[in-house]
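FYI, it's all coordinate maths here, none of it is from the lab. This structure is a prediction, so every number in the text was calculated from the model and none was measured. Cβ placement follows ideal geometry from the backbone for every residue including glycine, while neighbour counts extend to all protein chains displayed.
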């Protein structure tokens, strides 16, 4: 039987990899996409929906769960798995990105980040030790260290100072939760902004600490697609090959395909559910906007090549009607489909890597999203 934290690579194709990460709540097959459940719930869909479409792991947000309902309340109810009835793995981010986005409501010091709640203005402090304590109360399978996500456009001097502090914070997180003292895994987050030498420096420092996996942070923060891909393809090979690699908060279907092509294993993004609520749906022929008049009398399925509940059961005309009528069911059906699309994408990638046909698989998505593909390697 595999040990918790064990990461086994089963096949590679170029830099693309497929493997399995063992967690306390079961295995996670990589590459994997993690639906985002910010406050302990993936918007619009229930745990049985997620199970039916093949989700293997979801993401929760430390910042939001700390503010409400409170991590101690969740702990008294047996942790987040018991609280939200999701029995498979959960990853929680550290809340760092959310705190640092509150640019007018926070103050950064060596000790941590002092911030005011976006809900009621109350004052709080996140230290590296505090975010570990919160996540242990939530009892997530994978916990993230506290880091500073520098804003896009930050100069090199600031970025260099920031990554040194991120390294010190990472060590404090590891010290607060020594390896082997529990079943929660702990991932480090590398930074370095858009300076390749600083990216290498950050990865070099973080990998000296014995984390269970490593993430690339600080991307998709306002940069161009070309800049993001340049840093992604440069940085990914420096991450340890024997540990899972996680690209945080990125993205579009082609972002994920390129991430896999660069050697990344794990992805999360709010895009599939957020776009679903706005009527933008992903199909085997590209994105469509279900609001458009052309679908008013279209009796065909949303995507004839998709086997999700939405596509098996309802017409485009009905989905358009639900959206315009502002029915809550619209959010659920659209979200089920978009999440299925993203999960099918990584499932297909795993199969293609195992068969040695990933380049051909990638070319299909390049053809579906040609404008985006033109900006990528």
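Taking the stretch 129-143 and a reference point 7 angstrom along Cα→Cβ of residue 77, the backbone N atoms nearer than 18 Å belong to 134-141.
State, as an integer percentage, the relative contact order of the chain based on alpha-carbon contacts under 8 Å between residues 6 or more apart. So the answer I get is 18 percent. Share of pairwise Cα-Cα distances greater than 16 Å in the stretch 198-253 is 41 percent (whole percent). Shape analysis of the stretch 135-291 based on the Cα gyration tensor places the equivalent ellipsoid semi-axes at 28, 20, 14 Å, largest first. Relative to its Kirkwood radius, the Cα radius of gyration of the stretch 276-373 gives an Rg/Rh of 1.02.
Neighbour counts of C-beta atoms inside 10 Å place 201, 148, 6 in the sequence 6, 201, 148, starting with the fewest. Taking the 0 to 90 degree range and rounding to the nearest ten, how far is the long axis of helix 253-262 tilted relative to the main principal axis of the chain, both from C-alpha atoms? Once rounded, the angle reads 50 degrees.
Note on residue 241/residue 114: beta-carbon distance plugged into 1/(1 + (r/R0)^6) with R0 of 30 Å gives a FRET efficiency of 0.20.
By the helix-only formula, in which each DSSP H run with n ≥ 4 contributes -39500 (n - 2.57) and the sum is divided by residues, the chain has a 222 nm mean residue ellipticity of -12000 deg cm²/dmol. Helix 225-235 and the long axis of the chain differ in direction by around 50°, with both axes built from C-alpha atoms. Modelled spin-label separation between residue 51 and residue 274, with each label point placed 7 Å from Cα along the Cα-to-Cβ direction: 3.0 nm. Dividing the mean sequence gap of close Cα pairs (under 8 Å, 6+ apart) by how many residues the stretch 276-373 holds gives a relative contact order of 26 percent.
Distance from the Cα centroid of the stretch 48-67 to that of the stretch 17-34 is 15 Å (rounded to whole angstrom). Below 8 Å between Cα atoms, with a sequence gap of 6+, how large is the relative contact order for the stretch 117-242 in percent? It comes to 24 percent, rounded to a whole number.
Report the residue, chosen from 14, 44, 112, that carries the largest GNM mean-square fluctuation when the chain is represented by alpha-carbon nodes joined by springs under 10 Å. Taking springs between Cα atoms under 10 Å, the residue moving most is 14. For the options 219, 345, 119, a Gaussian network treatment of the chain with springs between C-alpha atoms closer than 10 Å singles out 119 as fluctuating the most.
Using the Cβ-Cβ distance between residue 329 and residue 284 with R0 set to 30 Å, the FRET efficiency works out to roughly 0.80.
Between 0 and 90 degrees, the angle of helix 156-176 with respect to the longest Cα principal axis of the chain falls at about 80 degrees.
Note on the chain: with a GNM built from Cα contacts shorter than 10 Å, the maximum mean-square fluctuation among 129, 200, 327 falls on 327.
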